[in-house]
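Throughout, read-outs are computed from the coordinates displayed, never taken from laboratory work. What you see is a predicted model; the values in this text were computed from it and never measured.
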Amino acid sequence: MPCNVVVLISGSGSNLQALIDSCTHDDNPARIRAVISNRADAYGLQRAQQAGIATRVLDHKHYDGREAFDAALIEAIDAHQPDLVVLAGFMRILSPGFVKHYSGRLINIHPSLLPRHKGLHTHQRALEAGDTEHGCSVHFVTEELDGGPLVVQAVLPVLADDTAERLASRVHQQEHRIYPLAVRWFAAGRLRLGAQGAMLDGQPLPASGHVIRT
């Protein structure tokens, strides 16, 4: 059985493109049924349309508060009977009700080695902190911002001549590697959220998730 996936975006959709490309493989049970954006000018919508994927725009500015927007968003997502909801650069803080509704089937990617550098400007903050390693993390979403159980992390060295832009570029490459991997694991029934945290092939993942070093 295919795994129905809905992807939420706000911007260019480079991670979305990596997911679209991954889903073209015959052995990948993930199927992106829809891409929903809170911004009509998000380039990711064009990526989806070019791949023949249904798109929808829900402008958060047209709703009276976060809960009203999230209620409309839930309705739009659930129309596609999703097994998994993927946040791919969706720049909205989600309400507790939304997170609870999709508990265990909502994942996000963050451009840092969580729990370090939650929030924004992660690459600059990694440099300012003198970190020797940086990377990106896929995690299940909980009510704690950037705080859900980790699934997989890509770790790369911080180079002496790195700028925030160079670091961001290299981290992006790894995002496009580990996000499709995590989605494929979930779609194949290998990845689940258990009472103790993220589970892969029935075994609890370590607190850092599955770590890939580059």
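Before moving on, here are some points about what is shown:
- If both residues of a DSSP beta bridge must be in the chain, then about 45% of such bridges are antiparallel.
- Table column - 3J(HN,Hα) (Hz), segment 194-200, Karplus curve with 6.51, -1.76, 1.60, x for Gly and Pro: x, 4, 8, x, 6, 10, 10
- Using the Karplus relation 6.51 cos²θ - 1.76 cosθ + 1.60 with θ = phi - 60°, the per-residue 3J(HN,Hα) values for segment 71-80 come to 5, 5, 5, 4, 4, 5, 5, 5, 4, 9 Hz, with x marking Gly and Pro.
- C-alpha center-to-center spacing [segment 42-98, segment 131-191] in angstrom: 22 Å
- Other-chain or far-sequence residues with amide H under 5 Å of Ser103's (modelled H): none
- Sorted largest first, the principal axis extents computed over the alpha-carbon atoms of segment 123-214 equal 42, 24, 18 Å.
- Computed over segment 112-214: relative contact order in percent, which uses C-alpha pairs under 8 Å that are six or more apart: 28 percent
- Expressed per residue, the C-alpha convex hull volume of the chain stands at 122 Å³.
- Debye log10 I(q)/I(0) at q = 0.14, 0.22, 0.25 Å⁻¹ for segment 6-101, Cα point scatterers: -0.48, -1.14, -1.41
- Most mobile listed residue (Pro149, Pro180, Pro204) in the chain, GNM with C-alpha springs under 10 Å: Pro204
- The GNM of the chain, with springs linking C-alpha atoms under 10 angstrom apart, assigns the highest mean-square fluctuation among Leu191, Leu145, Leu106 to Leu145.
- Amide hydrogen proximity for Gly13: with H placed 1.01 Å from N in the peptide plane, the residues at 5 or more positions away or on another chain lying under 5 Å are Gly44.
- Across segment 125-131, rounded Karplus estimates of 3J(HN,Hα) from the backbone phi angles (6.51 cos²θ - 1.76 cosθ + 1.60, θ = phi - 60°) give 5, 5, 5, 5, 7, x, 5 Hz, Gly and Pro being marked x.
- Backbone amide hydrogens, once placed in the peptide plane, bring Ile212 within less than 5 Å of Gln153, Ala154, Val155, excluding anything fewer than 5 places away on its chain.
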